[in-house]
Amino acid sequence: RAVAEALAECLNHAAYVDVPAGSELFGRGQFDGSLYVVLAGCVRCRFHDYAVASSDGDGMDGVLSFDTGPGAVVTPLLAMLEAIVRNVDRENKDEDEDEGGKGPNGPTGDGLAGGAPLSMAGGVSAVATSDARLLRVSASAYPLILRMFPADVHRVATTIVQRVQRVTLQILVRT
């Protein structure tokens, strides 16, 4: 299908999120699998499980972090894959229950199936360093997007895995 159609479908499941400077977009263990894109402002992503030395006096000693701006994705990519799998799995179980006569077992909310924390995002947080506006595509929309655009979701998943491999190799080479 056309890129414009895929984008239009994603926007049907999107919402604007305004985050004042100094406020958290999500804290450690609170990421629900949604896709966030920075439209304006700046967001600092923190990876609390990775120790680094810092000498710039920004108060972030010992925490790997980076700042993002407009156009950047503020989403732990492996956690996004985990959210896709969980939400598709939940939807498949709901369909099985519907066929078995047990009735619907609809979504448990706007985000992640079952409300369980994502194992791949427990040490990640994001804080606005200036007033920020983001676009949020809820993780609960992933099954629909996957059904409508399977090849596109496959390309996104492949890109995520390739990036993880590249970063892992870069880290191994440096140590």
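Rounded to whole Hz and in sequence order, give me ³J(HN,Hα) for the range 138-151 from the Karplus expression 6.51 cos²θ - 1.76 cosθ + 1.60, θ = phi - 60°, writing x for Gly and Pro.
Calculated HN-Hα couplings, in order: 5, 4, 5, 7, 4, x, 5, 5, 5, 5, 6, 9, x, 5 Hz.
What net charge is computed for the residues neighbouring A128, neighbours being all others with C-beta under 10 Å from the C-beta of A128, Lys and Arg scored +1, Asp and Glu -1?
So the surrounding residues net to -1.
So between T159 and V17, what do we pick up on full extension, going 0.36 nm a residue minus the alpha carbon distance?
That works out to 48.5 nm of additional length.
L25's amide H: which non-local residues (gap 5+, or another chain) put their own amide H closer than 5 Å, with H modeled 1.01 Å from N in plane and none for Pro or chain starts?
Correct list: A126, V127, A128.
How large is ³J(HN,Hα), in whole Hz, for each residue of the range 9-20 in order, when computed from phi with the Karplus curve 6.51 cos²θ - 1.76 cosθ + 1.60 and θ = phi - 60°, using x for Gly and Pro?
Once θ is set to phi - 60°, the couplings for the range 9-20 become 5, 4, 5, 5, 10, 10, 9, 7, 10, 9, 10, x Hz.
Amide H neighbours of V74 under 5 Å, counting only residues 5+ apart in sequence or on other chains, H built in-plane at 1.01 Å?
Y36, V37, V38
Relative to the present Cα-Cα distance, how much length would full extension add between D152 and R133 at 0.36 nm per residue of separation?
4.3 nm
Can you tell me how much longer the chain between V167 and A4 gets when fully stretched, taken as 0.36 nm per residue apart minus their C-alpha distance, in nm with one decimal?
55.6 nm
Every read-out reported here was derived from the displayed coordinates using simple, explicitly stated rules and does not represent laboratory data. Just so we're clear, the structure is a prediction, and the values are computed from it rather than from any experiment. Note that we place each Cβ from the backbone using ideal geometry, even for glycine, and neighbour counts take in every protein chain shown.
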